[in-house]
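The structure appears below as structure tokens.
Every read-out reported here was derived from the displayed coordinates using simple, explicitly stated rules and does not represent laboratory data. The structure presented is a predicted model; accordingly, all values stated were derived computationally and were not measured. Glycine also receives a Cβ, built like all others from the backbone with ideal geometry; neighbour counts cover every protein chain displayed.
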Amino acid sequence: MKRFLILVTVAALLCSCDDFQLPVFNFTRVDQEKTDTTTHDTPDIPETPETPETPETPETPDTPLPSETGNDAPGGYDWTGVKYTFEESTDVIANPERGFMKYQDFKSSTSALKASAVKAQRAEGRTLYYTGYYLTDFMKGDISQDFLNKIQSTMDALREGGAKCVLRFAYKDSESKHPYDPTEEIVMRHIAQLKPILQQNEDVIFVLQAGFVGVWGEWYYTDNFVFQPESDDDYLPRKRVAEALLDAMPASRQVELRTPQFKMRMYNLHLKDTLTAQTAHKETPLARLGGHNDCFGAAADDWGTFDNESGDRAFWKAETRYTIMGGETCNVSDYCTCTASTKDMVDYHWTYLNIDYHGDVINGWKNNGCYDEIVRRLGYRLVLENVERKTDLQAGEDLEIAINFRNDGYAAPMNPRRVELVFVDKDGKSTKFQVASDPRKWQPGQHTILTSFTLPAEKGTLYLNLSDPLLPNNPLYSIAFANKNVFDSTTGYNKLFELK
């Protein structure tokens, strides 16, 4: 999937708070014998909020901090109690919706993905697949049922194997093959055909790259969507495609555009209009449009990804605090050194990268000592530091705890995720409590979850479960903290402490 968006003939390779709405989950306390709809939670309290890339009102917790906050107390709580500490792990964690992705194209002659292949990638620490579908044989009519079945079979394999997809549809994979894309009418018919599949497989779709337009679906070389658009009217056909995709996709999922200019021009946006904590993670088009850079670190402008004049770099740096950023590299340059690449991954909040392209760039990172950092830090990497609880323990009464952790990744988790405490008593009975905290707020840096729950028994073990709300009982899709002897892969729970 070669990606040269060449806007010039020669380019020199020269040696660059608001209240937050939580997701609405209808979660309640659940135990094995009865259901109690009462919850006792207070929200996540960031210790040191990250400074935004553009001026905006700083984020504040969902409810105020305690009025008497101790100066030395992490997270702002004003009490001391029993503290449990944790040992950090340096392992590569096969966590969902982040990391290096495996690349796979599908054409009419290609077989569907197998669950065995997905499981083999999980064994390598990868939980994302790029699945690109070429609709070349359907440029004058509907997608065949056989091809639609292939897409569904691949989704089923992802689900069985414990992975999700970065999804794209396109028509041609070479600049020498005209026409590059069909008419807008055909594209719209195809999106309508695909909508039921996209809706049905929300659970294993991480993000959709806009695709459909141009060679490789990268929105550049096009025969039917205005090559090199300039006026507002020139951008309208692409905007109609983007909004049809937003409608076809589940409302919880984002659509990525190939450059920041597309979002800026289609919606008349400027640096002052970037998303904030108040406007992010809603079901609006602006909150759901992210970006992918398929020539990361390739040139001064990443071969047309940036124009370097309109503030589009600063725009993406700010937007990617709240929208998904991913893509691939496409050639070696002075801009993909370890120093330059890791800085850009921090600045642009990178969540995923293609492991298969470009091999020379990936090998350069391995040879120069930064690959291990990148493979660990792409997306989120959550590390427990300590958990503190009130000293008094009595069954049937509230127990207040503070969970102190940090995100060492480049980005926050990006799709909705459930946060719950699970108390398992000495007889094995489980009681679950929803925690009013949104992991999409967990930007890189320090965080504290300050919450309380009714202690079911005086003896047992407390766990933190960060499960996928669409796959709540599948531990392959739960987030593991990067600590030793904490994550239970059979349940998907992270152990906090045991009461003996």
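Could the peptides 399-408, 99-108, 306-315 be put in order, highest first, of the mean number of other beta-carbon atoms found within 10 Å of their residues?
399-408, 99-108, 306-315
Region 394-489: D in µm²/s via Stokes-Einstein (Kirkwood Rh, Cα pairs, 10 °C, 1.306 mPa s)?
110
Which residues in region 122-141 have a backbone N closer than 18 Å to a point placed 7 Å from the Cα of Asp173 along the Cα-to-Cβ line?
The answer is 129-139.
So if I take the centroid of the Cα atoms in region 388-433 and the same for region 141-201, what is the distance between those two points in Å?
40
Roughly how compact is region 99-377, stated as its Cα Rg over 2.2 N^0.38 Å to two decimals?
0.96
Quickly rank 288-298, 85-95 as a protection proxy: mean count of other C-beta atoms within 10 Å, highest first.
Peptide ranking by packing, descending: 288-298, 85-95.
What FRET efficiency do you get for Asp146 and Ala314 if R0 is 41 Å and r is their Cβ-Cβ distance, rounded to the nearest 0.05?
According to the calculation, E is roughly 0.35.
7 Å from Cα along Cα→Cβ at both Thr110 and Asn363: what's the point-to-point distance in nm?
Placing both labels 7 Å along Cα→Cβ, they lie 2.4 nm apart.
Computed FRET efficiency, Cβ-Cβ of Thr391 and Glu160, R0 60 Å: what is it to the nearest 0.05?
Taking R0 as 60 Å, the efficiency between Thr391 and Glu160 is 0.80.
Can you order the peptides 431-439, 452-460 by their average number of other Cβ atoms within 10 Å per residue, highest first?
431-439, 452-460
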